[in-house]
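The values are calculated or read from the model by the stated rules, or taken from the named source; none is laboratory data. Given the structure is predicted, the values throughout are model-derived calculations rather than measurements. For neighbour counting, all protein chains shown are included, and Cβ atoms are generated from backbone atoms with ideal geometry for every residue, glycine included.
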Amino acid sequence: MALRVAVVGGGPAGSSAAETLAKAGIETYLFERKLDNAKPCGGAIPLCMVEEFDLPLNIIDRQVRKMKMISPSNVEVSIGSTLKEGEYIGMCRREVLDGFMRDRAEKLGAKLINGTVHKLEIPSNNKDPYTLHYADHSDGSLEGTAKTLQVDLVVGADGANSRIAKAIDAGDYNYAIAFQERIRLPEDKMAYYQDLAEMYVGDDVSTDFYAWVFPKYDHVAVGTGTMHVNKADIKKLQAGIRARAAKRLEGGEIIKVEAHPIPEHPRPRRVVGRVALVGDAAGTVTKSSGEGIYFAAKSARMCAEAIVEFSNQGQRIPTEADLKVYIKRWDKMYGLTYKVLDILQSVFYRSDATREAFVEMCADMDVQKLTFDSYLYKTVVPANPLVQLKITAKTIGSLLRGNALAP
């Protein structure tokens, strides 16, 4: 028998899974509803992703080497002096990154289907195939042509509102909303953001997260994230970040407005039967940084590697227990990273006093080095114990000064 796998969703997660499967010679179908989709997101990717996923430099718009953290009272702390030669944060537009990764998976043998999966029919036993009901848009129409496909395994990479997750009753999760305006700036203003990104904290820009100004190809992305999902709140917070950055955005024109849900924690069930969830559908976004692109691609690759391994290169159908090995490996590798970032978010984003303390702490070189290393290389880097102690003492000192430890 030859294994057949459907990957639903053609973002970085779906494309990574499809690429790994296709490389192993497994019959792979990759579904994407909108081939020119531009997901609203900060679009920052860490250095390790460029290397690990073999991304060409021409898909990176900007190499950011300087970061400004801006406190509620507008104290600015510059970060980035600890970066070594050749280290940077990559800024990319999602339509460019996603398009590249999807095309590569197709070139390696994945069958790309421009279609919307409406329904997943689940077999009554663990042998029969899953049936996907989908609308094929290859004729260019919005409603498309109704079609079905039968496969042995399904990888759900279809984002925060995942239909695959609903079909397998994977359970719900809380989500935040990211709202963003793309603003084209006059040349002199754009020059300021040449290799600089800004993060703003404060109740006026986000009650539980941060707001950002990230440079892209010929514009900046100005946005905010929050768990408070009503429209009036988000409008108010977006007005807040526009006001805080007003001087730097003078003369800019809005070229696009975007909003998107971001999961706040993993779904209760990420593997059910022969269906596995990856990326946003599984809830792999981190707290504190709200970063998801690398983790989405990485989770999908790890899932696909488990499928290749347990199917014996596509010779047998993996079981639910086989697929769950991917979750075990994932949690072992990144569980601590998520816990640490979760704690950081609950400590530092509690009030404007704690945010002031947080920004003050960012001025410390040891803190900067630890933060950048863990961001660029995706590990909670165990600094030497003395540095760790110093950082802990600094954290507590800053929090005490800001009366931030009061309940």
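Considering every residue within the stretch 109-120, establish whether at least one is crowded, with 18+ Cβ neighbours inside 10 Å and not in a strand (DSSP E or B). Yes, the stretch 109-120 contains a residue that is crowded, with 18+ Cβ neighbours inside 10 Å and not in a strand (DSSP E or B). With respect to being hydroxyl-bearing (Ser, Thr, Tyr), within 23 Å of PHE209 (Cβ to Cβ) and surrounded by fewer than 20 Cβ atoms within 10 Å (Cβ to Cβ), SER81 falls outside the description.
Examine the stretch 99-111 for a residue that is farther than 30 Å from ILE255 by Cβ, at pLDDT 90 or above and within 22 Å of the chain's Cα centre (by Cα), and state whether such a residue exists. The answer is no, given that none of the residues of the stretch 99-111 is farther than 30 Å from ILE255 by Cβ, at pLDDT 90 or above and within 22 Å of the chain's Cα centre (by Cα). GLY202 meets each of the listed conditions (1) of a type in the set (Gly, Ala, Ser); (2) in contact with a Phe, Trp or Tyr (Cβ under 8 Å, 6 or more places away or on another chain); (3) touching a residue at least 60 places away in the same chain (Cβ under 8 Å) apart from (2).
List the number of the failed condition for SER299; all other conditions in (1) in contact with an Asp or Glu (Cβ under 9 Å, 6 or more places away or on another chain); (2) under 30 Å from ARG4 (Cβ atoms) hold. Against the list (1) in contact with an Asp or Glu (Cβ under 9 Å, 6 or more places away or on another chain); (2) under 30 Å from ARG4 (Cβ atoms), SER299 comes up short only on (1). Can you confirm whether LYS166 is of a type in the set (Lys, Arg) and in contact with a Ser or Thr (Cβ under 9 Å, 6 or more places away or on another chain)? Here the answer is no, as LYS166 does not meet what is asked. Quick one: which of ALA6, ALA38 is outside any helix (DSSP H, G or I) and at pLDDT 90 or above? Among ALA6, ALA38, only ALA6 is outside any helix (DSSP H, G or I) and at pLDDT 90 or above.
Conditions (1) over 19 Å from the mean Cα position of the chain (by Cα); (2) more than 20 Å from MET67 (Cβ to Cβ); (3) among the β-branched types (Val, Ile, Thr), marked per residue:
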residue	(1), (2), (3)
TRP212	no, no, no
PRO215	no, no, no
MET227	no, yes, no
LYS236	yes, yes, no
LYS247	yes, no, no
PRO263	no, yes, no
ARG270	no, yes, no
GLY290	no, no, no
GLU305	yes, yes, no
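Consider the stretch 180-201. How many of its residues are assigned to a loop (DSSP other than H, G, I, E, B), within 26 Å of GLU87 (Cα to Cα) and not polar (S, T, N, Q)? Quick ask: steps written out before the conclusion?
Residues of the stretch 180-201 assigned to a loop (DSSP other than H, G, I, E, B): 185-186, 193-195.
With the extra rule that they be within 26 Å of GLU87 (Cα to Cα), the set shrinks to 193-195.
Right, trim to not polar (S, T, N, Q) and you get 193, 195.
Within the stretch 180-201, residues that are assigned to a loop (DSSP other than H, G, I, E, B), within 26 Å of GLU87 (Cα to Cα) and not polar (S, T, N, Q) number 2.
Checked against (1) within 18 Å of GLU95 (Cα to Cα); (2) in contact with a strand residue (DSSP E or B) (Cβ under 8 Å, 6 or more places away or on another chain), ALA13 meets all criteria but (2).
Only one entry of GLU264, GLU291 meets the criterion of being within 30 Å of ILE234 (Cα to Cα), surrounded by fewer than 24 Cβ atoms within 10 Å (Cβ to Cβ), touching a Lys or Arg at 6+ places or on another chain (Cβ under 9 Å) and not polar (S, T, N, Q), and that entry is GLU264. Exactly one residue out of ILE113, ILE89 is within 18 Å of VAL285 (Cα to Cα), touching a residue at least 40 places away in the same chain (Cβ under 8 Å) and β-branched (Val, Ile, Thr): that is ILE89.
Would you pick out the residues in the stretch 202-217 that are of a type in the set (Val, Ile, Thr), in a strand (DSSP E or B) and either within 17 Å of ALA176 (Cβ to Cβ) or touching a Gly at 6+ places or on another chain (Cβ under 7 Å) (or both)?
Across the stretch 202-217, the qualifying residue is only THR207.
Contact annotation: residue pairs with Cβ atoms under 9 Å, 6 or more positions apart or on different chains, pairing a residue in the stretch 342-354 that is of a type in the set (Gly, Ala, Ser) with a partner that is at pLDDT 80 or above, are SER351/ASP203; ALA353/PRO72. Say whether the condition of being within 27 Å of SER73 (Cβ to Cβ) and charged (D, E, K, R) is met by at least one residue in the stretch 224-233. Among the residues of the stretch 224-233, at least one is within 27 Å of SER73 (Cβ to Cβ) and charged (D, E, K, R), which makes the answer yes.
Hey, any hits in the stretch 249-268 for a residue that's in contact with a helix residue (DSSP H, G or I) (Cβ under 9 Å, 6 or more places away or on another chain), over 28 Å from CYS48 (Cα atoms) and in a helix (DSSP H, G or I)? Yes: one or more hits. Scanning the stretch 313-334 for residues that are part of a helix (DSSP H, G or I), of a type outside the set (Ser, Thr, Tyr) and either outside the structural domain of ALA22 (by TED's automatic domain parsing) or touching a helix residue (DSSP H, G or I) at 6+ places or on another chain (Cβ under 7 Å) (or both) returns ASP322, LEU323, VAL325, ARG329, TRP330. Taken together, the residues in the stretch 204-226 that are among the acidic types (Asp, Glu) and modelled with pLDDT under 95 amount to 2.
So LYS66 clears everything in (1) crowded, with 16+ Cβ neighbours inside 10 Å; (2) among the charged types (D, E, K, R); (3) more than 29 Å from LEU237 (Cα to Cα); (4) not assigned by TED's automatic domain parsing to the domain that holds GLN313 except one condition, right? Which one? Failed condition: (3). Condition test on SER71, is it of a type outside the set (Lys, Arg), touching a residue at least 40 places away in the same chain (Cβ under 8 Å) and outside the structural domain of VAL285 (by TED's automatic domain parsing)? Yes, satisfied.
Among the residues of the stretch 14-35 satisfying the criterion of being part of a strand (DSSP E or B) and of a type in the set (D, E, K, R), which is nearest to the chain's Cα centre (by Cα)? Lay out the reasoning, then the answer.
First, the residues of the stretch 14-35 that are part of a strand (DSSP E or B): 27-32.
Applying the additional criterion that residues be of a type in the set (D, E, K, R) yields 27, 32.
Details: GLU27: 27, GLU32: 18 Å.
By that ranking, first place goes to GLU32.
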